Amino acid sequence: MLIYLWLFVVMLLAGGFVPSFVSLSALKSRALRKGVWYRINPAARALIDAAILYLRRGGRIKSQALADALRRAAEEVLALATPVRLLAKAVEHIIARTRGIAVDEGTAVALGLQWQNTPKRWRRAVA
């Protein structure tokens, strides 16, 4: 289950995100299941709902600006819906890769949580 979530996050955040009916409706249902749908910016919620309605009726999203806005809204949804352990593990693997350090799973979670709990003015940038 976590592997599929991780693959979904990686595919979504990659540069080639193409909003489709399936991906946006899955994103909305995941946010509703996790209980974070109403904590998202109302403009982002309205944009996702309008795009789902438009795609359901057979439309195609061609505008790059609209696709970028949908990608930013999807990133906001995923940031709230992703479990903390998975985020901590991902952050630490990125940090370890940039510093050239090898870490195991337990250490990755511990160091990732430590990085997330460090105040923003004291922590270094991840990538």
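The values are calculated or read from the model by the stated rules, or taken from the named source; none is laboratory data. If you're wondering where the values come from, they're calculated on a predicted model, not measured in any experiment. Because the Cβ atoms are built from the backbone with ideal geometry, glycine has one as well, and the counts that use them run over all protein chains shown.
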| query | Of the conditions (1) more than 18 Å from the chain's Cα centre (by Cα); (2) assigned by TED's automatic domain parsing to the domain that holds Ser20, Ala74 fails just one. Which one is it? | reply | (1)
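Rundown of residues vs (1) closer than 29 Å to Ser23 by Cα; (2) touching a residue at least 60 places away in the same chain (Cβ under 8 Å), yes/no style:
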{"position": "Asp49", "(1), (2)": "yes, no"}
{"position": "Ile61", "(1), (2)": "yes, no"}
{"position": "Glu75", "(1), (2)": "yes, yes"}
{"position": "Ile94", "(1), (2)": "yes, no"}
{"position": "Gly100", "(1), (2)": "no, no"}
{"position": "Pro119", "(1), (2)": "no, no"}
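Determine if region 52-63 includes at least one residue that is in a helix (DSSP H, G or I), at pLDDT 90 or above and either small (Gly, Ala, Ser) or in the same structural domain as Ile94 (by TED's automatic domain parsing) (or both). First the steps, then the outcome.
To start, the set of residues in region 52-63 that are in a helix (DSSP H, G or I) comprises 52-56.
Add one more test, that the residue is at pLDDT 90 or above, and what stays is 52-56.
Those left that are additionally either small (Gly, Ala, Ser) or in the same structural domain as Ile94 (by TED's automatic domain parsing) (or both): none.
No, region 52-63 contains no residue that is in a helix (DSSP H, G or I), at pLDDT 90 or above and either small (Gly, Ala, Ser) or in the same structural domain as Ile94 (by TED's automatic domain parsing) (or both).
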| request: For residues that are closer than 22 Å to Val84 by Cα and outside any helix (DSSP H, G or I), scanning just region 1-50, find the one that is modelled with the lowest pLDDT. | output: Met1
| field | Residue within region 27-43 that is out of contact with any Asp or Glu (no Cβ under 9 Å at 6 or more places or on another chain) and touching a residue at least 60 places away in the same chain (Cβ under 8 Å) present | value | no
| note | Considering region 43-69, residues that are closer than 19 Å to Ser25 by Cβ and of a type outside the set (A, V, I, L, M, F, W, C), and then whichever is surrounded by the most Cβ atoms within 10 Å (Cβ to Cβ), we arrive at Arg45
